[in-house]
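Peer 1: Input: one structure, supplied below.
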Amino acid sequence: MTAVFLGIPTAPAGVGHLRGDRPFPDAARDALRDGQLRANLGHATTTIRGKRAGVVAEVPDWAQLREAGRALKAATMARLDEHLEELERQVTARGGTVHWARDATEANEIVTRLVQATGADEVVKVKSMATQEIGLNEALEAAGITALETDLAELIVQLGEDRPSHILVPAIHKNRAEIREIFARTIPGVDPGLTDDPRRLAMAAREHLRERFLRARVAVSGANFAVAETGTLAVVESEGNGRMCLTLPQTLITVMGIEKVVPAWRDLEVFLQLLPRSSTGERMNPYTSLWAGVTPGDGPQEFHLVLLDNGRTAVLADEVGREALHCIRCSACLNVCPVYERTGGHAYGSVYPGPIGAVLSPQLTGVEDNASLPYASSLCGACYDVCPVAIDIPSILVHLRAEHVEAQTRTTPEAAAFRALSKAMSSPRLWRLAQRATGLGRFLARGRPTLPATLPPPASAWTRTRDLPTPPRETFTQAWAREHGSQEGRA
Amino acid sequence: MRVALFATCLVDTMVPQVAHATATLLQRLGHEVVVPPGQSCCGQMHVNTGYRREAVPIVANHVRAFAGALSSGVEAVVVPSGSCVASIHHQQAAVARRAGEHGLADEAEALAARTYELSQFLVDVLGVTDVGAYYPHRVTHHPTCHSLRMLRVGDRPLQLLRAVRGLELVELPGAESCCGFGGTFAVKNADTSTAMLTDKMANVLATSAEVCTAGDASCLMHIGGGLSRLRSGTRTVHLAEILASTEESVTPQQGTRPSPSRPTTPTASA
């Protein structure tokens, strides 16, 4: 395994939210029984899938845009170190301060120290996956600092003491009746006549947040993009709450994964077209905030950029898996995934759920810490088709499965079975013998068309819900050879 | 044309009637069919479960089994399975190359270039959509993920089905959603797989079709296994079996019925 050979650290355990507490199949089993969750997810993903398909189909050069996005990301990753150093130079030249964080622990320490230096005990937050990944809110809370999520869906999750279940729509697993209940229970002084009308819910959240925006002295954000040549950070959003955080407080701290850098200003042209159509199914997102360093008398007067590794360099070292770093967090792959649609995001155990999460989380933590995730896919390929930067997610999933298998130091029963089967399938003589062994199935079936539904494991995992046909008396190749004679001489 | 048939391990062992039907169809269209006896598996299950090293000798066996056929005038290898052809095209050479077996990788690539999924072979290589079939049933078609998204077979199976006399083709709602098979996924994530299967079956049953067809015996074994467990009465039949059927010999074999050893020319049984 290349990652181990090079000794590049992965994201540390015990901090942040990249590891679940149980394997995917176990967590999924419980989620699948939650009918309300299934209904909410089915409705939401179907709606957003349709919207995305519509606005993507109307772009005549989508295939070229997608290829441009892929090529830009690949070229950027090939010289990531240079682009990051250029970004640092440009941010610094414009009055910002750049901090390098090896992992979640370092990033949390840096942000906590910076907030403490301002004397504030409360920060407002722009929706950010990086800060969810490192568990920043918990780290701040441990230091006596309250982090207030201001993205509507993140607010719902935070007030409900829940966890996000989607990259873009963290509260996708909740319907509006459930959201009304959370607001009525948790927002102080909320209108007792609050209904589940989306407009009324948004107004209740706005009232709750407005006061906090105005009193906030420190904001924490993530970044969608960072332009190396100009030192510009970019956040795209729908609500405008991010814009409030980015402009009102005195101090702004941005935590950004190192893979978010793009070399040139004009690269935004490609990504700002790909992202909104793929994520919210909009032609253009309502708010695009761009800032470089600080501007006297306008906006935050102190700006800190925290560049986060947390396992990304280890991902970059894997020549198959590194494509996962191209992700622009649009979540189109989640919305089309038949597995995600049914299990929801919590089953993945990481803040990055769905197909991209199944390739990103195990690489950030090391495959053995998330070994069930690469198998949480039927390899149907719908994710690859919709990915705006053409990440071949199915191929990476298959690669990570192999990394997991090859990391085992002891022979598992599964490995023994696959090795024996490989031997048989590599030798026509042994293969005919193995095929003959399916006669056992006919013995078990005792003349019935299907095998018994109560076979021992692992066959039971199939037969619990699906019949298995009784094997035939004779294989096709046997029958053909009997009828036509061996074609060895001819073929 | 002289064509070699790769039955695939699953069809050869579990549903041989699909390979018989493929051979019957190709012969009826005037082609000579050979079945290389050394064939076993393409290696897909090993690769997709993480055993890419163990897949290499399987790929080598596959290349060996068909090498003779190619050197004795066979122009194409036809396979009644989209996912096995996708593996032959997209995985075989890659796993060989990764293992340092460059010669094998080159041979696998050359073989892949001559290897076709059945509907692609009929429509693209032979240029036929009306294969002279007769199948008087109400049928819905599940496109299967790897045929759809890795091979891009598009509407070729539907073109073939529309030309079948007596066949009433009904559109499957949510057709492009995976049925939940996914090879070992069906066992490793049995609950999620079953949830996907349930939705696929609901859509199949909503069409009131007698038959659900597809170009992959594996997906059909999954969907058919679920329909059979529910005692639904809707059966799964491979595309090759429908296209092989004529007025003289209709073959509505159900996937869950034990397949008796059958002569290459199907006998009328409906």
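Laboratory data are not the source of any read-out in this text; all were calculated from the coordinates shown. Remember, it's a predicted structure, so these values are computed and weren't measured experimentally. Neighbour counts run over all protein chains shown; Cβ positions are idealised from the backbone, glycine included.
Peer 1: Give the shape of the protein assembly as shown as rounded, prolate or oblate, defined through the alpha-carbon gyration tensor: a ≥ b ≥ c are the square roots of its eigenvalues, a/c under 1.5 means rounded, and otherwise the shape is prolate if a/b is larger than b/c and oblate if not.
Peer 2: Verdict is prolate for the protein assembly as shown.
Peer 1: Continuing with the same structure: Tally Lys/Arg at +1 and Asp/Glu at -1 over every other residue whose Cβ is under 14 Å from the Cβ of A:TRP431; what's the total?
Peer 2: +4
Peer 1: Starting with the fewest neighbours, write out B:ASP12, A:ASP318 ranked by other beta-carbon atoms found within 10 Å of each beta-carbon.
Peer 2: A:ASP318, B:ASP12
Peer 1: Follow-up question, since we're still on this one. Taking a cut-off of 18 Å between Cα atoms, list the lysines near A:LYS260, but don't count ones fewer than 8 places away on the same chain.
Peer 2: A:LYS73, A:LYS127
Peer 1: Still on this structure, please answer the following. What shape does region A:1-409 take by its C-alpha gyration tensor, where a ≥ b ≥ c are the square roots of the eigenvalues and a/c under 1.5 counts as rounded, a/b above b/c as prolate, and the rest as oblate?
Peer 2: rounded
Peer 1: Take the Cβ-Cβ distance between A:ALA202 and B:SER208 as r, set R0 to 45 Å, and report the resulting FRET efficiency rounded to the nearest 0.05.
Peer 2: 0.55
Peer 1: Here's a follow-up. Count neighbours as other Cβ atoms within 10 Å of each site's Cβ, and list the GluC sites (Glu not before Pro) in region A:28-119 that are DSSP loop with at most 12 such neighbours.
Peer 2: Hits after loop and neighbour filter: A:GLU58.
Peer 1: Quick check on the protein assembly as shown: helices-only [θ] at 222 nm, where DSSP H runs of length 4 and up contribute -39,500 (n - 2.57) each and the sum goes over total residues. Nearest 500, please. Walk me through the intermediate numbers first.
Peer 2: Values: 36 runs with 363 residues, N = 761.
That comes out to -14000 deg cm²/dmol.
Peer 1: A follow-up question, please. Each residue of region B:25-36 in order: what ³J(HN,Hα) in whole Hz does its phi give by Karplus 6.51 cos²θ - 1.76 cosθ + 1.60, θ = phi - 60°, with x for Gly and Pro?
Peer 2: So the J values, rounded to whole Hz, are 4, 5, 5, 4, 7, x, 10, 8, 10, 10, 10, x.
Peer 1: Also, quick follow-up: Can you tell me, using C-alpha contacts under 8 Å and at least 6 residues apart, the relative contact order of chain B as a whole percent?
Peer 2: Once normalised by length, the contact order is 20 percent.
Peer 1: Using a 10 Å cut-off around each Cβ of peptide A:391-397, what is the average number of partner chain Cβ atoms that fall inside?
Peer 2: Other-chain Cβ atoms within 10 Å of each residue's Cβ, averaged: 2.
Peer 1: So in chain A, what percent of DSSP beta bridges are antiparallel if you round to the nearest 5? All intermediate terms of the calculation are to be shown ahead of the outcome.
Peer 2: Values: 11 of 35 bridges.
Here the share of antiparallel DSSP bridges comes out near 30 percent.
Peer 1: Within 10 Å of each Cβ in peptide A:368-378, how many partner chain Cβ atoms are there on average? Round it to a whole number, please.
Peer 2: 3
Peer 1: Still on this structure: What's the center-to-center distance, using Cα atoms, between region A:273-352 and region B:160-185 in Å?
Peer 2: Taking the Cα centre of region B:160-185 as reference, the centre of region A:273-352 is 36 Å away.
Peer 1: Under a Cβ-Cβ cut-off of 14 Å, what is the net charge of the residues other than B:GLU248 that fall near it, where Lys and Arg count +1 and Asp and Glu count -1? If you can, show how the numbers build up before the last one.
Peer 2: Values: positive: B:ARG28, B:ARG165; negative: B:GLU247.
Every neighbour counted, the sum reads +1.
Peer 1: Let me check I've understood the local charge: for B:GLU54, count other residues with C-beta under 10 angstrom from its C-beta, Lys and Arg +1, Asp and Glu -1. What total comes out?
Peer 2: Neighbour charge sum, excluding B:GLU54 itself: +4.
Peer 1: Other chains' Cβ within 10 Å of B:171-178 residues: what's the mean?
Peer 2: For peptide B:171-178, the averaged partner shielding equals 3.
Peer 1: Just flag the GluC sites (Glu not before Pro) in region A:261-322 sitting in loop per DSSP whose Cβ has no more than 11 other Cβ atoms within 10 Å.
Peer 2: Loop-located and lightly packed - A:GLU319.
Peer 1: Please get the size of the charge dipole for the protein assembly as shown, origin at its Cα centre, with Cβ charges of +1 on Lys and Arg and -1 on Asp and Glu, quoted in debye to the nearest 20.
Peer 2: Dipole of the protein assembly as shown, to the nearest 20 debye: 2300 debye.
Peer 1: With an 8 Å Cα cut-off and a minimum separation of 6 or more residues, compute the relative contact order for chain A in percent.
Peer 2: Relative CO of chain A lands at 21 percent.
Peer 1: In a Gaussian network model over chain B where Cα atoms closer than 10 Å are linked, find which of B:ALA96, B:ALA202, B:ALA133 has the largest mean-square fluctuation.
Peer 2: In this elastic network of chain B, the residue with the biggest mean-square fluctuation among B:ALA96, B:ALA202, B:ALA133 is B:ALA202.
Peer 1: Quick one: A:TRP480, A:TRP462, A:TRP265, fewest Cβ neighbours within 10 Å first, how do they rank? It would help to have the intermediate numbers written out before the result.
Peer 2: Numbers: A:TRP480 25, A:TRP462 21, A:TRP265 13.
The fewest-first ordering by Cβ neighbours comes to A:TRP265, A:TRP462, A:TRP480.
Peer 1: If you don't mind, there's one more thing I want to ask. Quick one: Cα centre-to-centre distance for region A:46-93 and region B:78-156, in angstrom?
Peer 2: Using only Cα atoms to place each centre, the spacing works out to 32 Å.
Peer 1: I'd like the antiparallel share, as a percent to the nearest 5, of DSSP beta bridges with both residues in region B:2-125.
Peer 2: Working: 0 of 9 bridges.
That works out to approximately 0 percent antiparallel.
Peer 1: Still on this model: For region A:224-321, rounded, prolate or oblate, judged on the Cα gyration tensor with a ≥ b ≥ c (square roots of eigenvalues), a/c < 1.5 rounded, else prolate if a/b > b/c?
Peer 2: oblate
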